[in-house]
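Each remark here refers to the structure printed beneath this line.
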């Protein structure tokens, strides 16, 4: 791919601002034929002309834990992510069309080597406590996630930042350790909520943002309530007067609450009953294709998973199509033991790994086993049907001489007490905007969410080199090799990409639903409304 085509593709995927595109295009000597790709849509634009203002929106969510925190560094699932996008804003935003646009950032511009990025902030925006938004708030927010002692889940994606400085009250400059043409995308990450600073520090537990709603209360694992910000700077967003986020982890209870009018919308419809819900004249089902991935994470430093032959045996011992058919009921597609799906710019179309018990036995023998017994921790906290998926996997693996002992763990506290604590556990992840973003957060050797504890020198060398490589063809080769390394040597058994399937009463209106995260990119509170 030529540099001009690569830049244009980044434009159409929203990876550069208009000004950033113009500067990069000028540096490459490219005419501005595609400059129009950066016209930013108005925040008030919707697919219908007149959404209704007002009402109390009650949202039933499949997540929620007694360990939930207002600290964005600790956000881990759809419950606090959705609360976060209600009360906070971010430098950038992914639109339902998949474009990256400015949110608190009015524009951004790279230096010619893409190792220095200047973000200009919108003026006239205030936090819920009345403090004006300034560049120092952005610096303090990002520094909250940086540093050797940081426990933030976003540490891996901000580590490439060498330093942050201000140029006046409304310009923030990020100096990177190396070039990164995709840097603006990570500023939309749900951890990077902009918070007010005092003496160079933020209070991450205050719950104060610039978003469309003001926090009224948070009862971890139970409920969060927000009320509309009367001074919200986006005129065409945040339609509800009040939003209640309700943690209803049981799918049957969530469904019953929707059908009886106790809630107005819910995530993660039980796919076993989705056809029954479709027959209800008062409800609508939203089926949104995505690169959300379901997987089984092995600790590659723990026996027996520290032997790649065992990992390969387990990868060949699962029938992925059977999982898609029986668990996802067709609301998904095959995954291939690595997270970069077809929607990513740097996707590599690797040969699909097949279910092959004989090959699984071959790898077991290479590891010195005639048979193998392993524990697998799971819970429907991961996704509705996760326990079923584990049981079906056990059926598949038995034909290869592998006994999988399925351990059903409590839903409450699963992410704090089981995931990344047990040698083998189930998990899922929503898509990330770029391959670098995903790899930096889950597969880099020091990533906070390296849930397989994978250490691969070649992978980490490529990861750093790819960020600095501005030649599109060379970058693609690097990302393709990284995907192959994860596929062949990593600790993920990843059977499926799942659609986002949610439901709502027909009194609820919305525009096009985003695919980058569940529940309209987690922005359901800001983007949806009650029909007039």
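For the range 301-311, the set of residues classified as surrounded by 22 or more Cβ atoms within 10 Å (Cβ to Cβ) and out of contact with any strand residue (DSSP E or B) (no Cβ under 9 Å at 6 or more places or on another chain) is empty.
Being over 28 Å from residue 518 (Cα atoms), in contact with a strand residue (DSSP E or B) (Cβ under 9 Å, 6 or more places away or on another chain) and crowded, with 19+ Cβ neighbours inside 10 Å: is that true of residue 372 here? Let's see the steps before the verdict.
Details: over 28 Å from residue 518 (Cα atoms): yes; in contact with a strand residue (DSSP E or B) (Cβ under 9 Å, 6 or more places away or on another chain): yes; crowded, with 19+ Cβ neighbours inside 10 Å: yes.
The answer is yes for residue 372.
Of the residues making up the range 88-134, those that are under 22 Å from residue 228 (Cα atoms), over 23 Å from the mean Cα position of the chain (by Cα) and part of a loop (DSSP other than H, G, I, E, B) are 122, 123, 124, 125, 127, 128, 129, 130, 131, 133. Give the residues of the range 399-409 that are surrounded by fewer than 20 Cβ atoms within 10 Å (Cβ to Cβ) and out of contact with any strand residue (DSSP E or B) (no Cβ under 8 Å at 6 or more places or on another chain), sorted by residue number. Across the range 399-409, the qualifying residue is only 399. Checking each residue in the range 143-163 for being touching a strand residue (DSSP E or B) at 6+ places or on another chain (Cβ under 6 Å) and modelled with pLDDT of 95 or more picks out 144, 161, 162, 163. For the range 251-276, how many residues meet the condition of being closer than 17 Å to residue 513 by Cβ and over 26 Å from the mean Cα position of the chain (by Cα)? Count: 0. Where residues in the range 454-492 are over 21 Å from the mean Cα position of the chain (by Cα) and not in a helix (DSSP H, G or I), which of them is farthest from residue 438 (Cα to Cα)? Going through the qualifying residues, I end up with 471. Taking the criterion of being within 26 Å of residue 187 (Cβ to Cβ) and in contact with a helix residue (DSSP H, G or I) (Cβ under 9 Å, 6 or more places away or on another chain), the residues of the range 455-475 that qualify are 459, 462, 463, 465, 466, 467, 469, 470, 471, 472, 474, 475.
Quick one: count up the residues across the range 225-249 that are without any contact (Cβ under 8 Å) to a residue 60 or more places away in the chain, under 25 Å from the mean Cα position of the chain (by Cα) and more than 12 Å from residue 56 (Cα to Cα). Break it down into steps so the answer makes sense when it comes.
Of the residues in the range 225-249, the ones without any contact (Cβ under 8 Å) to a residue 60 or more places away in the chain are 225, 227-228, 230, 232.
So of that shortlist, the ones also under 25 Å from the mean Cα position of the chain (by Cα) come out as 225.
Going one step further and asking which of them are more than 12 Å from residue 56 (Cα to Cα), we end up with none.
Final tally of qualifying residues: 0.
If you go through the range 320-351 and keep only what is touching a strand residue (DSSP E or B) at 6+ places or on another chain (Cβ under 6 Å) and within 24 Å of residue 436 (Cβ to Cβ), you end up with 333, 335, 337, 339, 341, 343. When residues in the range 304-327 are screened for being touching a residue at least 12 places away in the same chain (Cβ under 8 Å) and part of a loop (DSSP other than H, G, I, E, B), 7 of them pass. Kindly evaluate residue 253 against the criterion of being farther than 18 Å from residue 122 by Cα and outside any loop (DSSP other than H, G, I, E, B). Taking the combined requirement at face value, the residue satisfies it.
Of 247, 257, 253, all but one fail to be closer than 21 Å to residue 502 by Cα and surrounded by 20 or more Cβ atoms within 10 Å (Cβ to Cβ); the exception is 247. Applying the condition of being more than 25 Å from residue 131 (Cα to Cα) and modelled with pLDDT of 95 or more to the range 164-182 and asking which residue is nearest to the chain's Cα centre (by Cα) yields 176.
Kindly provide the set of residues from the range 476-486 that are buried (at least 20 other Cβ atoms within 10 Å of the Cβ) and either out of contact with any helix residue (DSSP H, G or I) (no Cβ under 7 Å at 6 or more places or on another chain) or not assigned by TED's automatic domain parsing to the domain that holds residue 383 (or both), ordered by number. Listed by number, the residues that qualify are 483, 486.
The values are calculated or read from the model by the stated rules, or taken from the named source; none is laboratory data. This is a predicted model, so every value here is computed, not measured. Positions of Cβ are generated from backbone atoms using ideal geometry, with glycine treated the same way; all protein chains shown enter the neighbour counts.
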